[in-house]
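Following this message is one structure expressed as structure tokens.
The values are calculated or read from the model by the stated rules, or taken from the named source; none is laboratory data. Remember, it's a predicted structure, so these values are computed and weren't measured experimentally. Note: ideal-geometry Cβ built from the backbone for every residue, glycine included; neighbour counts use all protein chains shown.
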Amino acid sequence: MSTTRWARNSIKRLHSPSYSTNSHPVTAKWLQRILEDHSEPPRLYAWTAANLPTANARPCRGSTSSAEVSSASEERRRIYILGVGNIGRLYAVCLAKNPDRPPITLVVRRKGLLTQWRNSPGIEVVHGDGGSDRSADFDVEWWTEEKPLCGPVREPGGGRASSSSTDLGSGSVESEGGSGNTRIRNLIVATKAAHAMPQIDRVRRYLGPETEVAFCQNGMCKLWPPLGEAYARHKWGEGGRGPRWRACVTTHGVTALGPFRSLLASPAGVAVGAVGGGRSEGEAEKEVEMETDYLIERIVRAPGLAAQRVATRELWVAQLEKLVVNSVINPLTAVLGCKNGVVFEDGGDGVRDVVDGLLDEAGRTLRGLVRDESTDGVLLSEDEGEEGEGGSEEERLEKVRAELVERFSFANLRKMLYAVGEKVAENTSSMLQDVRAGKETEIEDFNGWLIETARYLGDEDGLPAHEKLIALVVDGKTLTKGELVRHFLGR
């Protein structure tokens with residue numbers, strides 16, 4: 001079956017809030033919410049410090065002068081970073097060091113952060129050797145449905161806010177002169193994993209086929225198979241009107257030191273590439289005609305990110321392997337309240353057996369996903385250069401599947417996990433940081449993704465170890481090693 005025909009058939013199967021696979025009903029909560037939502041994206045306003053009232057200022061309706069509207073050429077180069085946590089800060093500081101530095105706009109999540117930036121501008125990333133990178137040369141915006149009473153009235157993308165109240169629908173906005181061109185060309189989404197897709201839906205009217213969107217979260221990008229196509233078709237329709245999706249697998253260890261300040265605890269690298277696995281032939285041809293890699297190139301060239309562009313299948317595999325690491329290290333350290341290396345200590349206390357149980361379930365799910373037809377498009381992605389290998393499509397699929405089933409074997413995943421654990425032994429996981437700060441964790445996007453995928457694949461045994469771990473983290477439990485082992489193994 002061709003990947004194009006597979007994509008069309010799979011959409012018929014997935015394009016409803018509740019569907020079944022192998023007689024097993026499947027409900028992906030994030031997808032169900034999206035498929036049930038038929039509302040138009042909201043009109044947003046891009047607040048800057050100029051929209052913040054001062055102590056003695058009287059509220060007043062402002063307008064935008066032509067000097068406050070970004071030029072078209074500047075907007076084509078501008079990179080918006082949505083989310084200014086640890087990862088967003090790291091990307092911002094490194095992108096700012098590019099020799100051909102692009103304009104960069106940081107998009108904060110609340111008005112208070114915009115006020116804080118106005119009073120004390122600047123991002124700092126501290127290095128383990130005591131040095132640091134600091135920059136305040138950014139534009140900073142807060143995107144909200146609240147229209148400002150003071151200062152320029154603008155929408156995301158640098159253009160003048162439309163005076164028309166007409167709803168323009170998804171994927172299009174009225175720009176200066178009413179041309180209807182897409183405003184945002186380059187968007188890095190560096191929010192927490194759970195917020196990534198809701199944020200994309202929220203800014204959808206300012207995105208289009210000219211837009212590159214790079215997801216930089218932990219966990220799996222939701223645009224990958226098996227469910228990515230259902231989202232894309234529901235929100236963007238036929239004909240390739242949606243953005244060109246990218247993903248960044250970031251292995252740097254970054255710890256928060258305060259607002260707009262982070263510690264680069266363990267420098268590593270970034271794998272960046274295109275998310276694929278079901279685009280139609282027409283969409284693929286359209287992408288070839290465009291400037292497809294401006295954002296990827298800026299990320300690869302950014303000093304300090306150590307980023308490499310990789311092929312689609314390689315990117316998918318890297319994200320799956322990192323998910324396995326995150327689904328073990330992050331929640332276990334959150335429950336034990338320890339640094340990463342403690343999980344791998346050989347103390348004869350049984351913790352390693354708990355790790356092995358989690359790995360066994362994760363590996364079984366990944367191997368099942370590799371065998372599922374929903375991944376055909378990724379496994380046969382054209383950027384792998386497979387046309388020179390010869391053989392039929394079925395033969396190439398069989399070969400690639402056999403290689404990945406072996407790569408995701410228990411023995412290989414265990415070797416990979418322990419190698420990573422040794423490198424990050426002295427780090428504090430992001431989930432433990434969230435627990436200590438009283439923030440929402442990403443457990444549902446790590447272990448929850450594995451459970452959701454296992455259900456999609458019809459795994460009757462389920463993932464009981466991962467379900468137990470989710471419950472512990474959600475309930476805010478803190479256990480000793482002995483208590484953890486008894487909870488999982490009954491000994």
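Any chance you could count how many residues in the stretch 90-128 are among the charged types (D, E, K, R), part of a loop (DSSP other than H, G, I, E, B) and within 24 Å of Ile299 (Cβ to Cβ)?
Summing the residues that are among the charged types (D, E, K, R), part of a loop (DSSP other than H, G, I, E, B) and within 24 Å of Ile299 (Cβ to Cβ) in the stretch 90-128 gives 4.
A follow-up question, please. Of the residues Gly458, Gly482, only one is over 18 Å from Thr365 (Cβ atoms) and touching a residue at least 12 places away in the same chain (Cβ under 8 Å); which?
On the way: Gly458 fails: over 18 Å from Thr365 (Cβ atoms).
The match here is Gly482.
Return the pair list, or none, for Cβ contacts closer than 7 Å from residues in the stretch 36-52 that are more than 30 Å from Ala230 (Cα to Cα) to residues that are surrounded by fewer than 20 Cβ atoms within 10 Å (Cβ to Cβ), at least 6 apart or on different chains.
Short answer, once both residue conditions are applied: Trp47/Thr144; Ala49/Arg118; Asn51/Cys150; Leu52/Thr115; Leu52/Arg118.
So which residues in the stretch 296-312 are over 13 Å from Asp100 (Cβ atoms) and of a type outside the set (A, V, I, L, M, F, W, C), if there are any at all?
Gly304, Gln308, Arg309, Thr312
Let me ask something else. For the subset of the stretch 208-251 comprising residues that are under 15 Å from Ile184 (Cβ atoms) and among the small types (Gly, Ala, Ser), which member is modelled with the lowest pLDDT?
Filtering the stretch 208-251 for residues that are under 15 Å from Ile184 (Cβ atoms) and among the small types (Gly, Ala, Ser), the one modelled with the lowest pLDDT comes out as Gly242.
Suppose we filter the stretch 446-484 for residues that are closer than 21 Å to Val324 by Cβ, assigned to a helix (DSSP H, G or I) and not charged (D, E, K, R); how many remain?
Result for the stretch 446-484: 19.
Quick check: anything in the stretch 415-433 within 24 Å of Val473 (Cβ to Cβ), outside the structural domain of Ile87 (by TED's automatic domain parsing), acidic (Asp, Glu) and touching a strand residue (DSSP E or B) at 6+ places or on another chain (Cβ under 8 Å)?
yes
Something else: Please go through the stretch 82-109 and give me each residue that is more than 16 Å from Val189 (Cα to Cα) and basic (Lys, Arg), ordered by number.
If the condition is that a residue be more than 16 Å from Val189 (Cα to Cα) and basic (Lys, Arg), then Lys97, Arg101 are the ones that fit.
Follow-up. Is it true that some residue in the stretch 435-444 is free of Cβ contacts under 8 Å to residues at least 40 places away in the same chain and under 21 Å from the mean Cα position of the chain (by Cα)?
Yes, the conditions are met somewhere in the stretch 435-444.
Let me confirm something: among Val249, Val213, which residue is buried (at least 22 other Cβ atoms within 10 Å of the Cβ), out of contact with any Cys (no Cβ under 7 Å at 6 or more places or on another chain), over 30 Å from Glu422 (Cα atoms) and of a type in the set (Val, Ile, Thr)?
From the options Val249, Val213, the qualifying one is Val213.
Tell me which residues, restricted to the stretch 121-130, are surrounded by fewer than 23 Cβ atoms within 10 Å (Cβ to Cβ) and either closer than 15 Å to Val254 by Cβ or modelled with pLDDT of 95 or more (or both).
Residues satisfying the conditions are Pro121, Gly122, Glu124, Val126, His127, Gly128.
Here are the criteria: (1) of a type in the set (D, E, K, R); (2) modelled with pLDDT under 85; (3) assigned to a helix (DSSP H, G or I). Tell me which single one Arg61 does not satisfy.
Condition (3) is where Arg61 drops out.
Does Gly350 satisfy being surrounded by fewer than 23 Cβ atoms within 10 Å (Cβ to Cβ) and more than 30 Å from Arg78 (Cβ to Cβ)?
Yes.
Same structure, new question: Would you confirm, using the coordinates I've provided, whether Ala437 is at pLDDT below 95, of a type in the set (A, V, I, L, M) and more than 19 Å from Lys322 (Cα to Cα)?
Taking the combined requirement at face value, the residue satisfies it.
In the stretch 267-294, which residue that is at pLDDT 70 or above and either among the hydroxyl-bearing types (Ser, Thr, Tyr) or within 16 Å of Gly228 (Cβ to Cβ) (or both) is farthest from the chain's Cα centre (by Cα)?
Tyr294
Checking the condition hydrophobic (A, V, I, L, M, F, W, C) and over 25 Å from Lys339 (Cβ atoms), which residue from Ala411, Ala362 passes?
Criteria check complete, one pass: Ala411.
Looking at the stretch 246-265 only, could you name the residues that are free of Cβ contacts under 8 Å to residues at least 12 places away in the same chain and either among the hydrophobic types (A, V, I, L, M, F, W, C) or outside the structural domain of Asp129 (by TED's automatic domain parsing) (or both)? Full working, then the answer.
Quick first cut of the stretch 246-265, residues free of Cβ contacts under 8 Å to residues at least 12 places away in the same chain only: 258.
Listed by number, the list is empty, since nothing qualifies.
Starting from residues that are of a type in the set (A, V, I, L, M) and either out of contact with any strand residue (DSSP E or B) (no Cβ under 8 Å at 6 or more places or on another chain) or over 22 Å from Tyr206 (Cβ atoms) (or both), keep the ones in the stretch 31-58 and report whichever is modelled with the lowest pLDDT.
Result: Ala57.
Applying the selection to the stretch 252-266, what residues are in a loop (DSSP other than H, G, I, E, B) and either buried (at least 19 other Cβ atoms within 10 Å of the Cβ) or modelled with pLDDT of 95 or more (or both)?
Selection gives His252, Phe260.
List pairs: first in the stretch 135-160 and within 26 Å of Glu124 (Cβ to Cβ), second small (Gly, Ala, Ser) and outside any strand (DSSP E or B), Cβ under 8 Å, 6+ apart or cross-chain?
Listed pairs, sorted by first residue: Ser135/Ala92; Ser135/Ala96; Ser135/Gly122; Ala136/Gly122; Asp137/Ala96; Phe138/Ala92; Phe138/Ala96; Val140/Ala49.
What are the residues in the stretch 395-445 that are closer than 26 Å to Leu369 by Cα and not in a helix (DSSP H, G or I), if any?
Matches in the stretch 395-445: Phe408, Ser409, Thr441, Glu442.
Let me ask something else. Quick one: Ser374 ticks every box in (1) at pLDDT 95 or above; (2) buried (at least 23 other Cβ atoms within 10 Å of the Cβ) except a single one, so which number is it?
Ser374 satisfies every listed condition except (1).
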